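The values are calculated or read from the model by the stated rules, or taken from the named source; none is laboratory data. A quick note: this is a predicted structure, and the numbers were derived from the prediction, not measured. For neighbour counting, all protein chains shown are included, and Cβ atoms are generated from backbone atoms with ideal geometry for every residue, glycine included.
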Protein chains: 2
Amino acid sequence: MKETAKLFKALSDPNRLRILKMLEKRTLCVCEITDVLNLATSTVSKHLSILKESELIVEEKNGKWVDYSLNTTTENKRVKEFLNNLDLWIVDEQIVKIDYIAACCVDRNLVCCK
Amino acid sequence: MKETAKLFKALSDPNRLRILKMLEKRTLCVCEITDVLNLATSTVSKHLSILKESELIVEEKNGKWVDYSLNTTTENKRVKEFLNNLDLWIVDEQIVKIDYIAACCVDRNLVCCK
DNA sequence: TTTATATTTTGCTAAATAACGAAATGAAAT
DNA sequence: ATTTCATTTCGTTATTTAGCAAAATATAAA
């Protein structure tokens, strides 16, 4: 029961939902997500750890970057059901469309190094 | 986006999930739910208002009682998808089985009047 | 109309959460 | 080995939330 509540808690923050929709488009590193959401790096890192805790996303180290992507191969039934129907669960509002474009254009070599 | 987050926030509390599973069995009034969860009446009333806000449940006044039930006839796609697959989303742990029995046995004429 | 009682609202407290900046960590480049 | 830089962790603050008891509301019974 607590595990179920935890999954929904992970999904109960607008910025975390925006991250999931962005990752639907492509894999992103922390600084790229930070750039799109316009939040502090530490805040984004924390959001990502919460999503990872619930198995919604997975990370992969690539040199000095950590790439995050949707956990599409999970065995977790609820996560699988959710990720397979992202369009039902998270309706494409204006902000999602804007994030899609931003996420596609963002380049880690430009937005990092700050 | 905020609307979506709000639905998940409503689902992010263990006691609210227990309430939804109980209502799967049958319609219940506030004092019956209070008796099963062993919480203050005001706390349960607040939980119910949050679930109602997200269209997950509906209320019907019946004399001095207010009966709550799952909003199975909703037009809300996400709520419909969720309620139609309650068994997937909320796994039947021990506590749910106990609540089922308690919810079936509880009688408003005995547990109210306090 | 008065009393009884089911529910909601209000006011409060303790705990959880999202946000930030600064410090710590870890891996790549020099 | 040292520096650089992406990320995480830590410490703090403001806001939200779950819980309770008490007061307010609303409806049924007397």
Residues of the stretch B:15-41 that turn out to be surrounded by fewer than 19 Cβ atoms within 10 Å (Cβ to Cβ) and β-branched (Val, Ile, Thr), as a count = 2
In the stretch A:10-19, anything in contact (Cβ under 8 Å) with a residue 24 or more places away in the chain and either within 13 Å of DNA strand D (Cβ to nearest atom) or touching a strand residue (DSSP E or B) at 6+ places or on another chain (Cβ under 7 Å) (or both) is listed as A:13, A:19
Filter result (more than 11 Å from residue A:17 (Cα to Cα), modelled with pLDDT of 90 or more and within 11 Å of chain B (Cβ to nearest Cβ)) within the stretch A:83-93 = A:85, A:87, A:88
Does residue B:92 satisfy the criteria of being under 17 Å from residue B:108 (Cα atoms) and charged (D, E, K, R)?
-> no
Kindly provide the set of residues from the stretch B:63-82 that are over 15 Å from the mean Cα position of the chain (by Cα), farther than 30 Å from residue A:79 by Cβ and modelled with pLDDT of 90 or more, ordered by number.
-> B:65
Write out, first by first residue and then by second, each pair whose Cβ atoms fall under 8 Å of each other, whose residues are 6+ apart or on separate chains, and whose first residue, in the stretch A:98-114, is within 14 Å of another protein chain (Cβ to nearest Cβ) while the second is away from DNA strand C (no atom under 16 Å from the Cβ) and at pLDDT 80 or above.
-> A:100/A:25
Evaluate the following for residue B:76: is it of a type outside the set (Phe, Trp, Tyr), within 16 Å of DNA strand C (Cβ to nearest atom) and either farther than 23 Å from residue A:3 by Cα or touching a strand residue (DSSP E or B) at 6+ places or on another chain (Cβ under 7 Å) (or both)?
-> no
Quick one: would you say residue A:50 is away from DNA strand C (no atom under 12 Å from the Cβ) and under 24 Å from residue B:10 (Cβ atoms)?
-> no
May I ask you to verify whether residue B:17 is of a type in the set (A, V, I, L, M), within 27 Å of residue A:18 (Cβ to Cβ) and under 10 Å from the mean Cα position of the chain (by Cα)?
-> yes
Within 14 Å of DNA strand C (Cβ to nearest atom) and either closer than 23 Å to residue A:88 by Cβ or part of a loop (DSSP other than H, G, I, E, B) (or both) - does that describe any residue in the stretch B:91-98?
-> no
Pairs with Cβ under 7 Å, 6+ apart, first in the stretch B:35-64 and basic (Lys, Arg), second modelled with pLDDT of 95 or more and near DNA strand C (Cβ under 10 Å from one of its atoms) = B:52/B:59
Does the stretch B:61-75 include one or more residues that are within 14 Å of chain A (Cβ to nearest Cβ), surrounded by 14 or more Cβ atoms within 10 Å (Cβ to Cβ) and within 12 Å of DNA strand D (Cβ to nearest atom)?
-> no
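Can you pull out the residues in the stretch A:29-54 that are outside any helix (DSSP H, G or I), more than 14 Å from every other protein chain (Cβ to nearest Cβ), of a type outside the set (A, V, I, L, M) and more than 6 Å from DNA strand D (Cβ to nearest atom)?
A:38
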